[in-house]
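Please treat every number below as a calculation from the coordinates, not as lab data. Keep in mind the model is a prediction, meaning the values are calculated, not measured. Quick reminder, even Gly has a Cβ in these numbers, built from the backbone with ideal geometry, and neighbours come from all protein chains shown.
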């Protein structure tokens, strides 16, 4: 829900988020990829090379060696989509309701001062 909240903030700022690319070890789980598509209510994709650090280093090395003229050119040449997951409308509706509950809970905890109390306990 935290990632969904960040995407909602990006959308509220006027950006269009129509596809999310997932990276890292968790992308090996088809179930987790489907959950993310449903929770975000948008298309998600995994990449053929899911290790962003390795892929980014290869692209930057290619730019440094003159193989690519820019990072954008390197990304265009090296980033390849592996799988695409579309949100299931019935699941996405449930996640919309869960997101509303999550935001209400977060706002309630914030307004009540609970986060400040927890922070003060962590300092001891």
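Restricting to Cα pairs below 8 Å that are 6+ residues apart, what does the relative contact order work out to for the stretch 39-82? Please round to a whole percent. Don't skip to the answer; put the middle values down first.
Numbers: 31 pairs, mean separation 21.7, N = 44.
It rounds to 49 percent for the stretch 39-82.
Going by alpha carbons, how many degrees (0 to 90, nearest 10) lie between the helix axis of 30-40 and the longest principal axis of the chain?
The two axes meet at around 60 degrees.
Treat the count of other C-beta atoms within 10 Å as a stand-in for reagent exposure and order 109, 55 from fewest to most. Display every interim value, and only then the final one.
Values: 109 13, 55 19.
Ranking 109, 55 by Cβ neighbours within 10 Å, fewest first, gives 109, 55.
Please work out the Cα convex hull volume for the chain and give it in Å³ per residue.
Values: hull volume 20.3 nm³, N = 124.
Per-residue hull volume (Cα only) is 163 Å³.
Obtain the nm distance between the two label points defined at residue 43 and residue 112 by a simple spin-label model: each point lies 7 Å from its Cα along the Cα-to-C-beta direction.
Each label point is offset 7 Å from its Cα along the Cβ direction, giving 4.2 nm.
Rounded to the nearest 5, what % of DSSP beta bridges with both residues in the chain are antiparallel? Don't skip to the end; give the middle numbers.
On the way: 4 of 8 bridges.
Antiparallel bridges make up about 50 percent of those DSSP assigns within the chain.
Using a simple spin-label model with points 7 Å from Cα along the Cα→Cβ vector, what separation in nm is obtained for residue 9 and residue 84?
3.0
Give the distance, in whole Å, between the Cα centre of the stretch 1-77 and the Cα centre of the stretch 78-117.
If we compute the Cα centre of each part, the gap is 18 Å.
Specify the angular offset, from 0 to 90 degrees and rounded to the nearest 10, of the alpha carbon long axis of helix 2-12 from the longest principal axis of the alpha carbons in the chain.
That helix lies at roughly 80 degrees to the long axis.
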